[in-house]
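**Q** Okay, here's the structure, questions in a sec.
Nothing in this text is a laboratory measurement; each read-out follows from the coordinates by a stated rule. In this text, all values refer to a predicted model and were calculated from it rather than measured experimentally. For neighbour counting, all protein chains shown are included, and Cβ atoms are generated from backbone atoms with ideal geometry for every residue, glycine included.
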Amino acid sequence: MAVAQPSGIRALLVGATGLVGGHCLGELLYDKEFSAVTVFVRRPLEWIPPKLTVHVVNFDHLENYIEAINVDVVLCCLGTTHSAAGSPEAFAKVDHIYVAELARLAASRGVSRFVLVSAVGADPASPVFYNRVKGRAEAAVSELPFKAVHLLRPSLLLGQRWEPRSAEDWGKQLAPFWSWFLWGPLSRYRPVEAETVAARMVELAKSDLEGIHIHYFNS
Ligand SMILES: NC(=O)c1ccc[n+]([C@@H]2O[C@H](COP(=O)([O-])OP(=O)(O)OC[C@H]3O[C@@H](n4cnc5c(N)ncnc54)[C@H](OP(=O)(O)O)[C@@H]3O)[C@@H](O)[C@H]2O)c1
């Protein structure tokens, strides 16, 4: 198994160009406990600081980049939407198949910890397709021999996006109103800042806690 080097933690971040992933990248680069940060992206980044290694990869052939998975921890913020992907199958390919393959390769390389952003309703047996896909991704990661798996289950993500997303934008407008009604067991459905999710991911990426852990955002 990979062990954190005395010189610092080595992290692989996937989904670094997204809302949560962008915040994660900033945190990982700023945090001195991380000595090296690698990202897998599908388009080049404009700015590459010294601590960062960028691999522009073909996500259909992640096995070609297995040598780059020479890290202690993987943080995965991959995801798409039905409308961006174009079909339910294309959505599932990103949110389940890519995540499962990344985790399989990481486990085969002896990576210790896998930190995944999932979603609040994730359940492989859910009648809701989105939740089922998220649940299957979680299950695929959880069955691998990592020392620690952290599954973060946010509700609606708040934060500034480059592109408009009509359903999400409506949800954000109404967030202060409907959050007010979400108490007790429903509090996990409150919207959460993407920045908060990213900060929790980076904290968990440093944690020695072992086992499979599910994290909600209900404060
Ligand atoms: N949006 C919400 O309210 C919400 C709520 C709960 C959970 N989640 C989940 O939280 C996670 C992070 O969400 P987010 O809003 O930060 O995501 P996001 O902004 O849409 O970013 C997604 C990341 O995945 C990458 N990606 C998308 N399609 C890809 C493809 N076909 N091949 C390779 N990479 C691809 C994107 O790369 P590019 O930049 O190249 O497109 C980007 O880096 C996702 O799994 C999402 O399902 C979201």
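**Q** Straight-line reach from K51: which lysines have a Cα under 28 Å away, not including same-chain ones fewer than 8 places off?
**A** K32, K147, K206
**Q** In which sequence would H96, H82, H61 go, from the one with the fewest C-beta neighbours within 10 Å to the one with the most?
**A** Starting with the residue having the fewest Cβ neighbours, the order is H61, H82, H96.
**Q** Shifting gears a bit: Which of W170, A122, G110 sits farthest toward the positive end of the charge dipole of the chain, with +1 on the Cβ of Lys and Arg and -1 on the Cβ of Asp and Glu?
**A** W170
**Q** Sticking with this structure for a sec: Quickly estimate the mean residue ellipticity at 222 nm for the chain, helices only: each DSSP H run with n ≥ 4 gives -39500 (n - 2.57), and the total goes over all residues, rounded to 500.
**A** The helix contribution divided over the chain gives -9500 deg cm²/dmol.
**Q** Ranking C24, C76 by Cβ neighbours within 10 Å, fewest first, what do you get?
**A** C76, C24
**Q** Here's another thing I want to ask about it. As an exercise, identify the GluC sites (Glu not before Pro) in segment 168-216 lying in DSSP coil whose Cβ has no more than 14 other Cβ atoms within 10 Å.
**A** When the GluC sites (Glu not before Pro) of segment 168-216 are filtered for loop state and at most 14 Cβ neighbours within 10 Å, E210 remain.
**Q** With all pairs of different alpha carbon atoms counted, what Kirkwood hydrodynamic radius in Å does segment 9-216 show?
**A** The answer is 17.4 Å.
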